[in-house]
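Trainee: Below: one structure in structure tokens.
Where a number appears in this text, it was derived from the coordinates with a stated rule and is not lab data. These figures come from a predicted structure and were not determined experimentally. Please note: Cβ atoms are built from the backbone with ideal geometry, for glycine as well, and neighbour counts cover all protein chains shown.
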Amino acid sequence: MAVDLTAAEARALRMTSLLLRPHPATRPDTVADVVEWFGAMQAQDAASGLWSLGVRLPGATRVDVQEALERREALRTWPMRGTVHLVPSRDAHWMLAVTGVRALAGAQRRRAVLGLTEAEADQAADVLGTALAGGARLTRAECLAALTAAGVETAGQRGYHLLWYAAQRGVTCIAPHVGTEQTFALLDEWVPDPHRPERDEALGILARRYFRSHGPTTRQDFAGWTGLTAADAKRGIAEAGDALTTVTVDGVPALVDSALLDAPPTPVDDVHTLPGFDEYLLGYKDRSLLLDPAHQPAVIPGGNGVFQPTVVHDGRVVGTWKRTVARTRVSAQIHPLVALPPATRAQVETALTGYATFLGLPLTLTWTPHP
């Protein structure tokens, strides 16, 4: 019989799975460890991606994380759902092949809107492959200039689509920023020794990594996160075998890392100030365990997919915050969504001080009144 968990118990396990609380079975202390634990971490906003890593690597600074990415401990690409993620570098090839292929199959409709043909997209990928060969690393602007010089039109959203297409095909990947500039490199040169599991093994890897880093949660959430079909999601879970255990959360079937149930976490009164694009919320289709539906408009204004940075207390969103990073200072404005007692407000300020320390900048804090 499956173990029945209350919402509070499930939320506590999730916070541990998400590495926002100490985990009984793992102590990741490098960028490579954290990204491999998750399998993929949302990172369409580069600054958010850095802090998603920093908040899970206590004591690490932004420079430490940037240097790890320069060492190729992880890379950014579009492995699933057409969205940029950080992935383990050696896994980028097979992830594109297993999860990215569905986004690639739907690209024809987008090309029709943009007035592009598949031949033009393939030409663009070839041009970028030639321009980046031999260890070159080009900024986004330089990539677009190379395409224009080769006679490929990049106006409007065409340029973005062509850069996405080349990465989706496994030709390029997003290398770390140089200053404020996004850069691109050849994936085969950036990762000369890729891991290439068979498809069923790859599905099992995805399932194990997703549920150990997000569980307890549902098969539907797994399918939504990966973009896999329901059939492939089910195959991946079967391949994962005894690594996963079925539980129920208020009567709803869910899966969790078996090792986590062997040593359940103790209650923790904690506060985190997370970036907007973090697996804490974006790793799920159903976010009700973590976010009061009444607060969703404040976290996702307009429902347009742009998430505000969140203040999380005891696993639940209790506020949002906005940052302004200048050359010599970082300013943060906190917007509580519920009434916060003085002790919790002090925890919020401590958490944001940790963010400023991560950046290596002094902090200025302001609070807006609770609505």
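Trainee: Which log10 I(q)/I(0) values does region 284-334 give at q = 0.13 Å⁻¹ under the Debye formula, counting every alpha carbon as one identical point scatterer?
Mentor: Once normalised to I(0) and log-transformed, intensities are -0.36.
Trainee: Computed from the mean reciprocal separation of all distinct C-alpha pairs, what Kirkwood hydrodynamic radius does region 78-174 have, in Å?
Mentor: Details: mean 1/r = 0.0736 Å⁻¹.
Across region 78-174, the inverse of the average 1/r is 13.6 Å.
Trainee: Taking the simple approach of a point 7 Å from Cα along Cα-to-Cβ for both Trp367 and Glu67, what is their distance in nm?
Mentor: 3.7 nm
Trainee: Still on this structure, please answer the following. Which of the peptides 352-361, 275-284 is most tightly packed, and how do the rest follow, going by the mean number of other Cβ atoms within 10 Å of each residue?
Mentor: Numbers: 352-361: 17.9, 275-284: 23.5.
Going from most to least packed, we get 275-284, 352-361.
Trainee: Per-residue counts of other Cβ atoms within 10 Å, averaged by peptide: what ranking do you get for 162-174, 91-103, 226-238, highest first? Don't skip to the end; give the middle numbers.
Mentor: On the way: 162-174: 23.2, 91-103: 21.4, 226-238: 18.4.
With the highest mean Cβ count within 10 Å placed first, the list reads 162-174, 91-103, 226-238.
Trainee: Counting only other residues whose beta carbon sits under 10 Å from that of Gly159, what net charge do I get with K and R as +1, D and E as -1?
Mentor: With Lys, Arg at +1 and Asp, Glu at -1, the net is +1.
Trainee: While we're looking at this one, here's another question. So what is the calculated 222 nm ellipticity per residue for the chain, using -39500 (n - 2.57) for each DSSP H run with n of 4 or more, over all residues, to the nearest 500 deg cm²/dmol? Walk me through the intermediate numbers first.
Mentor: On the way: 18 runs with 160 residues, N = 371.
Only helices count here, giving -12000 deg cm²/dmol.
Trainee: I need to check one value: relative contact order of the chain, counting alpha carbon pairs closer than 8 Å and at least 6 residues apart, in percent.
Mentor: Details: 632 pairs, mean separation 69.8, N = 371.
Once normalised by length, the contact order is 19 percent.
Trainee: To continue, here is another question. In the neighborhood of Leu244, defined by Cβ-to-Cβ distances under 15 Å, what is the net charge if each Lys or Arg adds +1 and each Asp or Glu adds -1? Don't skip to the answer; put the middle values down first.
Mentor: Details: positive: Arg14, Arg208, Arg209, Arg212, Arg219, Lys234, Arg235; negative: Asp221, Glu239, Asp242, Asp257, Asp262.
Around Leu244, the surrounding residues sum to +2.
Trainee: Any chance you could get the radius of gyration and Dmax over the Cα atoms of the chain, in Å?
Mentor: 20.9, 64
Trainee: May I pose another question? Distance in nm between label sites at Ala136 and Glu201, each 7 Å beyond Cα in the beta-carbon direction?
Mentor: 3.5 nm
Trainee: In whole Å, what is the distance between the alpha-carbon centres of region 310-371 and region 162-182?
Mentor: 32 Å
Trainee: Right, something else. If you take the Cα Rg of region 224-317 and divide it by 2.2 N^0.38 Å, with N the number of residues, what do you get? Before the final figure, lay out each step's value.
Mentor: Details: Rg = 15.5 Å, N = 94, 2.2 N^0.38 = 12.4 Å.
The reported ratio for this selection is 1.26.
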